[in-house]
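Since the structure comes first, as structure tokens, the remarks are kept for the end.
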Amino acid sequence: MTQSFQSNFKSKLPNSTVSIFSKMSLLAQQHQAINLSQGFPDFDIDPKLTALVTKYMQQGFNQYAPMPGTIELRKAISEKYKHYYKIAVDPSEEITITAGGTEGLYSVIGTLIHPGDEVITFEPAYDSYSPSIQSFGGKVVPIELCAPNFAIDWNDVKAKITERTKLIIINNPNNPTGRILSQDDIKALENIIEGTGVYILSDEVYEHLVFDGKQHISVLQSDILRQRAFVVASFGKVLHATGWKMGYVITNPLLTSEFRKIHQFNVFSVNTPIQYAVAEYLDDPLYYSTLAPLFEQKRDFVIEELKATPFKVLPCEGTYFLLVDYSAITQEQELNFAEKLTIENKVATIPVSAFYTNSLNQNLLRICFAKKEGTLKLALQNLRNI
């Protein structure tokens, strides 16, 4: 009877396996390699922040937080948008605290997507997008962007829109490419979706990690896009605390009401003492301005050190990832070379082909530079020995 029951089981995600991040991190552990694959810092967070968490725990803030998040934290987020983007975001009606950026993404997709709906994504793409779409019965319509510039052909995007298109997902700044969208890109997106029923999901978790004096442009700054956009952001990236799984979603009041219906039955609410601690820690929005210089310095250090290797570095405008071209070393497939690099040279990276539906091979690897200087020095020394 058990066998018969199992034979009738149909997977909603038959093609999904363990993520490439888990796979490469495990390989790094098995071979005592330096892990530049998974996107997390290896340096400590500010002791002041951990002390605030302890304070709120000791003061008894240990029960359920309000489903949308504490109003203190939502007000702090609202102040940030007022300071950096000169826009008003209602903390009560437009901001919802989520259990990390990925839960925010999943709940937005769950809010919008019905079976048969089409979603346009740009690849290389963060690996949660497609499975989330498919789990709600949606169809992924990927548009491949290619090295070295990963530029979007907006005429191609327009041609992909059908009567079933419900959503376009953008990631700005982009993981893994490190590229950012320009004002021309935003204008092109406005022109494409105006007069349609298409929504926008903008993954902006790396919004404060933009380099060389360039500025991040949020879709919330566009009157046209804001009417139909969801913005997903993350505290893990700005507080160097990815394990806390703290993020938020911003959208207009009507869409917020619908989003919270999904969010409340997904996780209901998010860690209470951490919300209070983060709200107090970020009471001064100027904190965010410290992030770009920190990571830009790390980026520049890695770029300079890689000049002594056969790797070619692609342009990096934001995030804490670099793409490197290894075609001067070998024409091996990216996954094979990444595994070889981990085992033989003790440096774990991510093959960029893992971010494409069709595993497009361009001889590219992604390196995470959100690491201590000592970690980066040791890893780069290993790479110079190739």
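The values are calculated or read from the model by the stated rules, or taken from the named source; none is laboratory data. The model shown is predicted, which means the values in this text are computed figures rather than measured ones. Glycine also receives a Cβ, built like all others from the backbone with ideal geometry; neighbour counts cover every protein chain displayed.
Can you go through K75, K12 and tell me which one is farther than 23 Å from A370 by Cα, of a type outside the set (A, V, I, L, M), assigned to a loop (DSSP other than H, G, I, E, B) and in contact (Cβ under 8 Å) with a residue 24 or more places away in the chain?
Numbers: K75 fails: assigned to a loop (DSSP other than H, G, I, E, B).
None of the others qualify; the one that does is K12.
List the number of the failed condition for E317; all other conditions in (1) at pLDDT 95 or above; (2) more than 22 Å from T121 (Cα to Cα) hold.
Result: E317 fails condition (2) only.
Mind listing whichever residues of segment 182-221 are charged (D, E, K, R), closer than 22 Å to T251 by Cβ and outside any helix (DSSP H, G or I)? So that I can check it myself, show each step before the final result.
Residues of segment 182-221 charged (D, E, K, R): 184-185, 187, 190, 194, 203-204, 207, 212, 214.
Filter again for closer than 22 Å to T251 by Cβ, leaving 185, 187, 190, 194, 203-204, 207.
Within segment 182-221, E194, D203, E204, E207 qualify.
Against the definition (part of a loop (DSSP other than H, G, I, E, B), modelled with pLDDT of 95 or more and outside the structural domain of N172 (by TED's automatic domain parsing)), how does I303 come out, yes or no?
In short, no.
Of the conditions (1) in contact with a His (Cβ under 8 Å, 6 or more places away or on another chain); (2) part of a helix (DSSP H, G or I); (3) hydrophobic (A, V, I, L, M, F, W, C), L383 clears all except one; give me its number.
All conditions pass for L383, except number (1).
Checking S218 against (1) under 19 Å from the mean Cα position of the chain (by Cα); (2) under 19 Å from G100 (Cβ atoms), which test does it fail?
Only one criterion is unmet by S218, namely (2).
Against the definition (in contact (Cβ under 8 Å) with a residue 24 or more places away in the chain and over 30 Å from L360 (Cα atoms)), how does I113 come out, yes or no?
no
Considering only residues that are of a type in the set (A, V, I, L, M, F, W, C), buried (at least 24 other Cβ atoms within 10 Å of the Cβ) and under 20 Å from the mean Cα position of the chain (by Cα), which ones fall in segment 335-354?
A348, I350, V352, listed by residue number.
Might you check whether a residue that is surrounded by 19 or more Cβ atoms within 10 Å (Cβ to Cβ), assigned to a loop (DSSP other than H, G, I, E, B) and out of contact with any helix residue (DSSP H, G or I) (no Cβ under 6 Å at 6 or more places or on another chain) occurs anywhere in segment 243-250?
No, there is no match, as no residue in segment 243-250 is surrounded by 19 or more Cβ atoms within 10 Å (Cβ to Cβ), assigned to a loop (DSSP other than H, G, I, E, B) and out of contact with any helix residue (DSSP H, G or I) (no Cβ under 6 Å at 6 or more places or on another chain).
Restricting the search to segment 251-265, which residues are outside any helix (DSSP H, G or I) and either in contact with a Cys (Cβ under 9 Å, 6 or more places away or on another chain) or loosely packed, with under 14 Cβ neighbours inside 10 Å (or both)?
F265, the sole residue that qualifies.
Here's a check for you: in segment 315-327, which residue that is part of a loop (DSSP other than H, G, I, E, B) and surrounded by fewer than 21 Cβ atoms within 10 Å (Cβ to Cβ) is farthest from the chain's Cα centre (by Cα)?
Of everything passing the filter in segment 315-327, S327 is farthest from the chain's Cα centre (by Cα).
Would you mention how many residues in segment 339-365 are over 21 Å from V119 (Cα atoms) and in a helix (DSSP H, G or I)? Before the answer, list the steps.
Looking only at segment 339-365, we keep the residues that are over 21 Å from V119 (Cα atoms), and these are 339-352, 361-365.
Those still in the list that are in a helix (DSSP H, G or I) too: 339-345, 352.
Final tally of qualifying residues: 8.
Residue check: is A338 of a type in the set (G, A, S) and either assigned by TED's automatic domain parsing to the domain that holds N171 or touching a strand residue (DSSP E or B) at 6+ places or on another chain (Cβ under 7 Å) (or both)?
In short, yes.
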